[in-house]
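Since every read-out is calculated from the coordinates, none of them should be taken as a lab result. Small disclaimer: the values here were computed from a predicted structure and weren't measured. For neighbour counting, all protein chains shown are included, and Cβ atoms are generated from backbone atoms with ideal geometry for every residue, glycine included.
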Amino acid sequence: MDTDPNLLARDRASLMVYGDDKPGIVAALAGVLARHGANIVALDQHSDNPEGGAFFQRTVVHVADLAATIPALEKDLAAIVGEELGLHWRLRDLSVPPRVAVLASKSDHCLLDLLWRQRRGELPMTVPMVISNHSDVADDVRFFGIPFFHVPARGRDKSAAEMEIVKLVAGNVDLIVLARYMQILTGSFINEVGVPIINIHHSFLPAFIGAGPYQKAKERGVKLVGATAHYVTEDLDEGPIIEQDVIRVSHADTVAELTRRGADIERQVLARAVLWHLQDRVIRHGNRTIVF
């Protein structure tokens, strides 16, 4: 049996639709898809209030010779879904893996986990580059056959480093993942790169912000350690949350043990968040997410 995720997704597309809820949305969407010979193979929807609320839907369709059909399908979606219904929509060919740049610092656990999962076919993406403000992980990254770029970020003014990263990613990536990249991104950088950015945080937000989180957790006698994956916005660690998880700990755990167990949770939470984004399962709505 062929397990290549790109082959499994051949001639399949995801259609994400969201906006003000109203009667007739599902019927209209089904009608557009049927006219173009699209067979619905998966469908999830959510309305947060049927009277004046918001509507969200993810549909996966199979279309014979999808590449040739997409232009006409997009034209119909723009006219009916966009103009007549006033909804936001996006259509993506699932056989085309998104291009993902990974930013890292000295910690390698999240970075190497993502690269390993991508090599095994568990994450349907390509990784055109890894960028780090330290060179510690260079050899490990090159082992995967992925270009490594060292962009130091010294001193208070990080504008030169951010400008160099923008040049590297501009037009070359569809997503940026911060795999424990220990730098605060400016609003201008976020706007310049023009693609979503996913970050992993070492706790349920907002807690233990700053350096030495597991030392602080030990001092507070925590009974849980966790991780939060979220989209990056100009407000530090306050972007829409994609995924969270925790593991129980006790007073007997050392800082080293808390750190090890926390790293396990960070890897898992980040991998799930990235996968769901790659599969077009996440809709951002204000400062929250709907994850199908």
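Key figures
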{"quantity": "Potential extension, Ala27-Asp237 segment - 0.36 nm per residue separation minus Cα distance", "calculated": "71.7 nm"}
{"quantity": "The range 12-93, dipole about Cα centre (Lys/Arg Cβ +1, Asp/Glu Cβ -1), debye to the nearest 20", "calculated": "280"}
{"quantity": "In Å, descending, principal axis extents of the Cα set of the range 63-130", "calculated": "50, 28, 17"}
{"quantity": "Ala67-Arg92 pseudo-label distance in nm [points 7 Å out on the Cα-to-Cβ vector]", "calculated": "1.9"}
{"quantity": "Contour excess over end-to-end distance, with Cα ends at Asn39 and Glu51 and 0.36 nm allotted per residue", "calculated": "1.3 nm"}
{"quantity": "Kirkwood estimate for the range 146-292, i.e. one over the average of 1/r between Cα atoms, Å", "calculated": "16.5"}
{"quantity": "For the chain, with +1 on Lys and Arg beta carbons and -1 on Asp and Glu, the positive-most of Ala256, Val96, Phe55 along the dipole", "calculated": "Ala256"}
{"quantity": "Principal-axis tilt of helix 159-169 within the chain, Cα atoms, nearest 10 degrees", "calculated": "40"}
{"quantity": "Using alpha-carbon coordinates, inclination of helix 255-278 to the longest axis of the chain, degrees", "calculated": "20"}
{"quantity": "Crossing angle, helix 25-35 versus the chain [Cα axis fit, 0-90 degrees, rounded to tens]", "calculated": "70"}
{"quantity": "Tail beyond 25 Å, pair distance distribution of the chain (Cα, percent)", "calculated": "54"}
{"quantity": "Under-5 Å amide H pairs with Val225, H placed in peptide plane, nonlocal only", "calculated": "Ile247, Val249"}
{"quantity": "Amide H partners (placed H, <5 Å) of Asp108, local residues excluded", "calculated": "none"}
{"quantity": "Estimated dipole of the chain in Debye, rounded to 20 [Cβ of Lys and Arg +1, of Asp and Glu -1, Cα centre]", "calculated": "660"}
{"quantity": "J(HN,Hα) series, the range 224-240, from Karplus relation 6.51 cos²θ - 1.76 cosθ + 1.60, nearest Hz, glycine and proline x", "calculated": "9, 10, x, 8, 9, 9, 8, 6, 8, 10, 5, 7, 4, 6, 10, x, x"}
{"quantity": "Whole-Å distance, taken between Cα centres, linking the range 95-154 and the range 210-270", "calculated": "22"}
{"quantity": "Arg154 paired with Arg220, simple spin-label distance in nm, labels 7 Å along Cα-to-beta-carbon", "calculated": "3.5"}
{"quantity": "Additional length obtainable on full extension of the chain from Arg288 to Arg119, 0.36 nm per residue less Cα span", "calculated": "57.8 nm"}
{"quantity": "Helical mean residue ellipticity (222 nm; -39500 (n - 2.57) per DSSP H run of 4+; nearest 500) of the chain", "calculated": "-9500 deg cm²/dmol"}
{"quantity": "Principal axis box of the range 6-131, alpha-carbon based, largest edge first, Å", "calculated": "51, 36, 21"}
{"quantity": "Calculated FRET efficiency for the pair Val166/Asp139, C-beta based, R₀ 25 Å, to 0.05", "calculated": "0.45"}
{"quantity": "GNM top mover of Ile80, Ile265, Ile200 - the chain, alpha-carbon springs below 10 Å", "calculated": "Ile80"}
